Amino acid sequence: MNLPPIALDEYVKFASHHFEVNGKTIDNEVIELIYNKFDATTWYVQKMLNELYSLTSVGECCTLQMVDFALRQILESYEQTYQDMLIQLSAKQVSLLRSISHEGKVKQITGSQFIKKYHLDSASSVQKVSKVLLDKQIITQNGGVYETYDKFMSLWLKG
């Protein structure tokens, strides 16, 4: 089942309420940044909000300056998992995965510009490798746009 994203104003109300109930506050800009950074995908927004909540002391306001630290904490917690996953992939699969992650979203995965930019093999090779990554659900393809399935992994791969 595909559920539409929760509206930003609902996230603002929800997060603000949960912070305030426990004597904390959060800037609306923080919620909006997270919401946009993760394309309103609930799991990632919630994970970031939970991490920020745990980093915010009672009486303190969660600000934009805390977002990068929270994100680094999350990425570090998944680092071993991501490393283990990369070990299971071929060099070509890792190369394509890194390339897609660096772009964020790719429309022309077999286009010469993308292939040249990331020093990938031929279009047919990219097509073959992308099928494997799609089958393993490591990348997704919606409406002709490819991206890394795990948005945290994508950020981790960017370094």
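Output the residues belonging to the stretch 78-101 that are more than 28 Å from Gly143 (Cβ to Cβ) and open to solvent by 80 Å² or more (accessible area, probe 1.4 Å). Full working, then the answer.
First pass over the stretch 78-101, keeping only residues more than 28 Å from Gly143 (Cβ to Cβ): 79-81, 83-84, 87-88, 91.
Answer for the stretch 78-101, where residues must be more than 28 Å from Gly143 (Cβ to Cβ) and open to solvent by 80 Å² or more (accessible area, probe 1.4 Å): Gln80, Ile87, Gln88, Ala91.
If Ser124 satisfies every condition in (1) open to solvent by less than 40 Å² (accessible area, probe 1.4 Å); (2) part of a helix (DSSP H, G or I); (3) among the polar types (S, T, N, Q); (4) farther than 19 Å from Leu75 by Cβ but one, which is the exception?
In the conditions (1) open to solvent by less than 40 Å² (accessible area, probe 1.4 Å); (2) part of a helix (DSSP H, G or I); (3) among the polar types (S, T, N, Q); (4) farther than 19 Å from Leu75 by Cβ, Ser124 misses (1) alone.
Mind checking which residues of the stretch 1-22 are touching a residue at least 24 places away in the same chain (Cβ under 8 Å), part of a helix (DSSP H, G or I) and under 23 Å from Gln73 (Cβ atoms)?
Tyr11, Ala15, His18, Phe19
Tell me, please, whether a residue that is out of contact with any strand residue (DSSP E or B) (no Cβ under 8 Å at 6 or more places or on another chain), surrounded by 12 or more Cβ atoms within 10 Å (Cβ to Cβ), under 24 Å from Ile87 (Cα atoms) and modelled with pLDDT under 95 can be found in the stretch 102-121.
yes
Restricting the stretch 31-54 to residues that are of a type in the set (A, V, I, L, M) and closer than 14 Å to Ala70 by Cα, which is most open to solvent (accessible area, probe 1.4 Å)? I'd like the intermediate steps shown before the answer.
So in the stretch 31-54, the residues of a type in the set (A, V, I, L, M) come out as 31, 33-34, 40, 45, 48-49, 52.
Retained after the next criterion (residues that are closer than 14 Å to Ala70 by Cα): 31, 33-34, 45, 48-49, 52.
Working: Ile31: 1, Leu33: 77, Ile34: 2, Val45: 1, Met48: 2, Leu49: 11, Leu52: 0 Å².
Among those that are of a type in the set (A, V, I, L, M) and closer than 14 Å to Ala70 by Cα, it is Leu33.
So, of the residues in the stretch 10-30 that are among the β-branched types (Val, Ile, Thr) and open to solvent by 40 Å² or more (accessible area, probe 1.4 Å), which turns out to be farthest from Glu147 (Cα to Cα)? Explain how you work it out, then say what you get.
If we filter the stretch 10-30 for residues that are among the β-branched types (Val, Ile, Thr), which is where we start, we get 12, 21, 25-26, 30.
Next cut, open to solvent by 40 Å² or more (accessible area, probe 1.4 Å) only: 21, 25.
Numbers: Val21: 37, Thr25: 33 Å.
Result: Val21.
If I filter the stretch 23-73 down to residues being of a type in the set (A, V, I, L, M) and outside any helix (DSSP H, G or I), which single residue comes out as nearest to Lys105 (Cα to Cα)? Give the steps one after another, and end with the answer.
Step one: filter the stretch 23-73 for residues of a type in the set (A, V, I, L, M), giving 26, 30-31, 33-34, 40, 45, 48-49, 52, 55, 58, 64, 66-67, 70-71.
If we keep only those that are outside any helix (DSSP H, G or I) too, we end up with 26, 40, 58, 64.
Working: Ile26: 30, Ala40: 15, Val58: 38, Leu64: 25 Å.
My answer is Ala40.
Given the conditions (1) assigned to a helix (DSSP H, G or I); (2) closer than 29 Å to Lys47 by Cα, which single one is not true for Leu89?
(1)
For the list (1) under 18 Å from Thr148 (Cβ atoms); (2) out of contact with any Pro (no Cβ under 6 Å at 6 or more places or on another chain); (3) of a type in the set (A, V, I, L, M), I need the number of the one condition that Ala40 fails.
(2)
The values are calculated or read from the model by the stated rules, or taken from the named source; none is laboratory data. Just so we're clear, the structure is a prediction, and the values are computed from it rather than from any experiment. Quick reminder, even Gly has a Cβ in these numbers, built from the backbone with ideal geometry, and neighbours come from all protein chains shown. What goes into the accessible areas is simple: the full protein's heavy atoms, side chains included, and nothing from ligands, DNA or RNA. Shrake-Rupley method; radii C 1.70, N 1.55, O 1.52, S 1.80 Å.
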